[in-house]
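Since the structure comes first, as structure tokens, the remarks are kept for the end.
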Amino acid sequence: MSDLGIIEEGAVIIQDGIIKDVGKSSEILKDFNTEGFKVIDAKDKAVLPGFVDSHTHFVFGGYRPDEFAWRLRGDSYMDIMNRGGGIANSVKATRNATKQSLVVLGLKRLDSMMAFGVTTVEGKSGYGLDRDTEIKQLEVMKKLGDKHPMDIVSTFLGAHAIPPEFKGKEDEFIDHIIDMLPEVAEKKLADFCDIFCEKNVFSLDQSKRLLLRAKELGMGAKIHADEIVQLGGAELAAEVGAVSADHLLQASDQGIKDMAEKGVVATLLPGTAFSLKESYARGRYMIDQGCAVALATDFNPGSCFSESIPLIFALATLYMNLSTEEAITALTINGAAAINRAQSIGSIDKGKLGDLIILEFPSYRFIPYHVGVNTVETVIKKGKIVLSEKK
Ligand code: NIG
Ligand code: FE
């Protein structure tokens with residue numbers, strides 16, 4: 001994760017949206033005819049792969065600013081959820097929202113992410129908890145993918161919370177969610193299935209049952225694991241062959257070892273730990289144990305209403321003891337691995353998508369050094385300039 005493979009005085013050639021060549025300018029541009037190409041001068045500026053935000057919940061109706069105030073007063077995230085607030089409030093608003101209104105909000109949120117250099121984002125359903133609203137959220141993401149330059153990878157998170165109508169009937173609710181899987185898989189509405197595996201939400205057994213069925217139907221598995229309580233979500237992720245386990249604030253040594261062995265990506269969401277005033281996941285330890293660590297924003301209306309990549313860099317480097325290089329790997333190629341896209345995005349390599357960002361400064365090292373400030377000047381998606389803030 002420390003080796004970024006920096007090329008000084010480099011160049012990238014993109015044709016038809018795909019990287020055709022990358023290397024030293026003096027070599028790859030020597031006999032190259034630029035006729036018919038748009039030449040972008042990035043002299044004295046760093047060029048990086050576009051960021052991959054591999055864990056978000058960005059399609060939702062309504063907002064929950066009152067909860068932020070309650071948490072400042074001392075209530076915990078789970079206190080609020082257990083008294084019927086939290087996710088349930090976003091569920092109410094999302095059930096009532098029209099598809100069109102969710103598309104309009106989604107486009108604004110994607111623009112904001114793209115300004116931070118994100119070129120691919122994962123988005124989860126989970127604010128419906130019923131068939132129609134879950135499908136509505138997934139269809140909105142599909143539509144957003146057609147309308148917006150960014151690529152969107154969808155995850156079905158029907159098992160995000162227990163809706164009031166299933167209170168006390170968690171097993172039945174999981175059956176209900178399992179019944180939705182064939183439609184989601186057949187219509188190709190989601191690549192992944194995720195679950196909030198947590199004390200007082202869904203158990204290890206319920207999580208295993210859902211994720212194994214999703215895998216049978218060809219979907220990848222993801223888990224919101226060991227966020228508040230050490231339940232064994234990391235161990236479960238390794239056991240079911242999940243693509244990633246996410247949050248992991250309380251993950252055990254054994255769980256981390258299992259994940260490293262099975263190649264489960266540890267997706268860490270320090271913005272959420274920060275917003276909830278929780279202790280951070282043990283990112284340094286995980287990397288030292290051989291885990292592939294990804295970083296993501298967890299952008300959502302409750303636990304972390306932020307799409308800020310500079311915030312993630314600040315927290316990962318200053319509070320989780322990742323080096324700048326490791327944080328960049330975690331937001332590029334490891335983020336791509338967390339959504340099964342490492343073959344096509346996440347690094348500047350021949351044959352991958354031409355997804356690049358150009359910084360205002362001459363080195364990637366300015367990203368966390370310029371604390372909490374956006375240093376991205378130009379965003380290129382599949383070879384096209386989609387944002388330019390040239391100063
Ligand atoms: O990843 N922990 C559960 N789910 C989300 C929060 C969702 C919400 O509060 O709306 C998370 O933090
Ligand atoms: Fe999440």
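Bear in mind that the values in this text are calculations on the coordinates, not laboratory data. No experiment lies behind these values; they were computed from the predicted model shown. FYI the Cβ positions are ideal-geometry reconstructions off the backbone, even for glycines, and counts take in every protein chain you see.
Things to note:
- Amide N of segment 49-82 lying under 15 Å from the label point, which is placed 7 angstrom from the Cα of K199 along Cα→Cβ: 76-82
- Divided by 2.2 N^0.38 Å, where N counts the residues, the Cα radius of gyration of the chain comes to 0.97.
- Folded to 0 to 90 degrees: helix 131-147 orientation relative to the chain principal axis, Cα: 10
- The simple spin-label model puts a point 7 Å past each Cα toward its Cβ; for N340 and D66 those points are separated by 4.0 nm.
- Each of C291, C304 has some number of other Cβ atoms within 10 Å of its Cβ, and from fewest to most they run C304, C291.
- Part-to-part distance (alpha-carbon centres) for segment 142-178 and segment 332-391, which is given in Å: 29
- Protection proxy ranking, highest mean first, for peptides 136-145, 167-176, 204-213: 136-145, 204-213, 167-176, where packing is the per-residue count of other beta-carbon atoms within 10 Å, averaged.
- Length added when fully stretched, K215-D75, from 0.36 nm per residue minus Cα-Cα: 46.7 nm
- Potential lengthening of the chain between D146 and L318 amounts to 58.2 nm, from the contour at 0.36 nm per residue minus the alpha-carbon distance.
- Modelled spin-label separation between I18 and E261, with each label point placed 7 Å from Cα along the Cα-to-Cβ direction: 3.9 nm.
- Whichever lysines have a C-alpha closer than 18 Å to that of K257, once near sequence neighbours (fewer than 8 apart) are set aside: K222
- Taking segment 366-391 and a reference point 7 angstrom along Cα→Cβ of F32, the backbone N atoms nearer than 15 Å belong to 383-384.
- Using the Cβ-Cβ distance between S25 and K169 with R0 set to 56 Å, the FRET efficiency from 1/(1 + (r/R0)^6) comes to roughly 0.30.
- Taking 0.36 nm per residue of separation and subtracting the Cα-Cα distance, full extension of the segment from K99 to I40 would add 17.4 nm.
- Between 0 and 90°, nearest 10: helix 170-186 axis offset from the chain longest Cα axis: 40
- Simple spin-label estimate for E9 and Q230 in nanometres, 7 Å along Cα-Cβ: 5.3
- Dipole orientation for segment 51-337: of the candidates F58, L107, A294, L107 has the Cα lying most toward the positive pole (charges on Cβ; Lys, Arg +1; Asp, Glu -1).
- For the chain, the longest principal axis of the alpha carbon atoms and the long axis of helix 99-115 meet at an angle near 40°.
- Likely footprinting exposure, S125, S154, S203, S26, fewest C-beta neighbours within 10 Å first: S26, S203, S154, S125
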